[in-house]
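Okay, structure first, notes after.
The values are calculated or read from the model by the stated rules, or taken from the named source; none is laboratory data. None of the values given here were measured: they were computed from a predicted structure. A quick note on method: Cβ atoms are made from the backbone with ideal geometry, for glycine too, and the neighbour counts reach across all protein chains shown. Heavy atoms of the whole protein, side chains included, go into the accessibility calculation; ligands, DNA and RNA do not. Shrake-Rupley method; radii C 1.70, N 1.55, O 1.52, S 1.80 Å.
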Amino acid sequence: MHIQARWGNIVPDTCTASVVLFKTPPQIVLDLLQSFPPSIFTTIIDNSPTPALQTLVNGMPMLAYHHAGQNMGYGRGHNLGLSLSPPSDFHLIVNPDIIIGPGTVEQMLAFMEEHPDIGLLAPKFLHEDGTFQHLNSRYPPVLDLVLRHLPDGLMTQRMLQRVRYHEMQDTGYETVCDVESMSGAFMLCRRTVLERIGGFDPRYFLYFEDFDLSCSIQALGMRTVCYPDVSVVHCWTRASSKEKRMILVHIQSMVHFFNKWGWRWF
């Protein structure tokens with residue numbers, strides 16, 4: 001009953017969405033929300049210390065705001081967003097630093113409807129200058145994860161070739177293809193599949209929860225697929241490379257992931 005009151009008289013569309021914030025600059029939030037298709041009901045989970053961003057979104061149609069009161073992490077935040085969303089066939093998981101291209105969601109939904117074996121679909125990710133972000137990846141060996149964080153100037157040609165293979169630069173960005181490890185920046189999920197696996201594993205605070213979700217969906221026999229016919233702009237920064245605390249969080253998540261799904265060193 002409480003959730004129905006939150007929706008008001010809104011009739012949910014085929015797709016709902018959730019966005020998790022933490023001290024996010026207001027303009028970034030506005031840029032994302034203005035790029036959303038108007039028919040998608042979006043639930044914002046704000047992990048910030050105060051609900052200061054609520055005034056930014058007050059009165060916006062097709063949107064609900066929830067201040068979590070704590071930084072519960074990315075995956076748990078989206079799990080809460082899913083639980084507070086009205087019923088739908090599909091659910092979109094979105095980073096706040098995304099700008100959605102015109103027609104992107106509509107084309108992805110149509111593609112998912114045509115392919116019932118797909119549990120998760122992601123678009124092509126672009127930098128603000130229009131260049132590719134190589135966010136698709138094969139199941140990650142530990143060595144490749146380490147190499148991805150090294151400057152190019154420190155790597156040999158063989159190391160660079162390993163990174164390119166891990167990032168699927170040989171196959172993953174021009175044609176529709178299955179991807180073992182998907183980026184959590186923009187995920188269109190079949191909602192029944194997402195609910196069946198229980199959403200994100202809440203033991204991840206940040207990092208690797210998207211790889212884990214990909215593995216869980218594949219374990220059900222469903223596909224996780226890149227659909228590069230459409231794109232989103234991802235204003236991406238690597239917090240784990242800037243803060244010592246986030247480096248520790250990254251390592252903790254990596255250990256949990258490999259303990260759960262199996263260690264692969266090379």
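In the set Arg162, Arg196, Arg191, only one residue is basic (Lys, Arg) and in contact with a His (Cβ under 7 Å, 6 or more places away or on another chain); that residue is Arg191.
With respect to the conditions (1) outside any loop (DSSP other than H, G, I, E, B); (2) under 18 Å from Gly119 (Cα atoms); (3) open to solvent by less than 60 Å² (accessible area, probe 1.4 Å), Thr192 lacks only one, and its number is (3).
Each residue in region 175-189 was checked for being open to solvent by 40 Å² or more (accessible area, probe 1.4 Å) and either part of a helix (DSSP H, G or I) or of a type outside the set (D, E, K, R) (or both), and 2 pass. Of the residues in region 203-224, at least one is part of a strand (DSSP E or B) and either closer than 27 Å to Ile28 by Cα or touching a helix residue (DSSP H, G or I) at 6+ places or on another chain (Cβ under 9 Å) (or both). Quick one: would you say Trp261 is under 21 Å from Lys124 (Cα atoms) and either open to solvent by 10 Å² or more (accessible area, probe 1.4 Å) or not aromatic (Phe, Trp, Tyr) (or both)? Criteria not met by Trp261.
Tally the residues that are in contact with a strand residue (DSSP E or B) (Cβ under 8 Å, 6 or more places away or on another chain) and either open to solvent by 10 Å² or more (accessible area, probe 1.4 Å) or at pLDDT below 95 (or both), restricting the search to region 106-115. Final tally of qualifying residues: 4.
Among the residues here, Phe205 qualifies as open to solvent by 50 Å² or more (accessible area, probe 1.4 Å) and either under 17 Å from His256 (Cα atoms) or of a type in the set (Lys, Arg) (or both). Picking from residues in region 110-146 that are out of contact with any Leu (no Cβ under 7 Å at 6 or more places or on another chain) and in a helix (DSSP H, G or I), the one that is nearest to Val163 (Cα to Cα) is Asp144. Candidates in region 165-174 are the residues that are out of contact with any helix residue (DSSP H, G or I) (no Cβ under 7 Å at 6 or more places or on another chain) and surrounded by 13 or more Cβ atoms within 10 Å (Cβ to Cβ); of these, the one that is nearest to Lys124 (Cα to Cα) is Tyr173.
Scan region 222-244 for residues that are over 16 Å from Phe125 (Cα atoms) and either exposed (fewer than 13 other Cβ atoms within 10 Å of the Cβ) or modelled with pLDDT of 95 or more (or both) and jot them down.
If the condition is that a residue be over 16 Å from Phe125 (Cα atoms) and either exposed (fewer than 13 other Cβ atoms within 10 Å of the Cβ) or modelled with pLDDT of 95 or more (or both), then Met222, Arg223, Ser241, Lys242, Glu243, Lys244 are the ones that fit.
Looking at region 82-101, is at least one residue assigned to a helix (DSSP H, G or I) and either closer than 20 Å to Gly184 by Cβ or open to solvent by 30 Å² or more (accessible area, probe 1.4 Å) (or both)? Yes, that holds for at least one residue. Considering Ser18, Ser35, the condition of being modelled with pLDDT of 95 or more, under 19 Å from the mean Cα position of the chain (by Cα), among the hydroxyl-bearing types (Ser, Thr, Tyr) and within 24 Å of Ser253 (Cα to Cα) is satisfied by Ser18 alone. For region 61-68, the condition holds for no residue, the condition being that it is part of a loop (DSSP other than H, G, I, E, B), closer than 25 Å to Asp178 by Cα and more than 20 Å from the chain's Cα centre (by Cα).
Go through region 140-153 and give me each residue that's open to solvent by 30 Å² or more (accessible area, probe 1.4 Å) and touching a residue at least 24 places away in the same chain (Cβ under 8 Å). Once the filter is applied, which keeps residues that are open to solvent by 30 Å² or more (accessible area, probe 1.4 Å) and touching a residue at least 24 places away in the same chain (Cβ under 8 Å), region 140-153 yields Leu143, His149.
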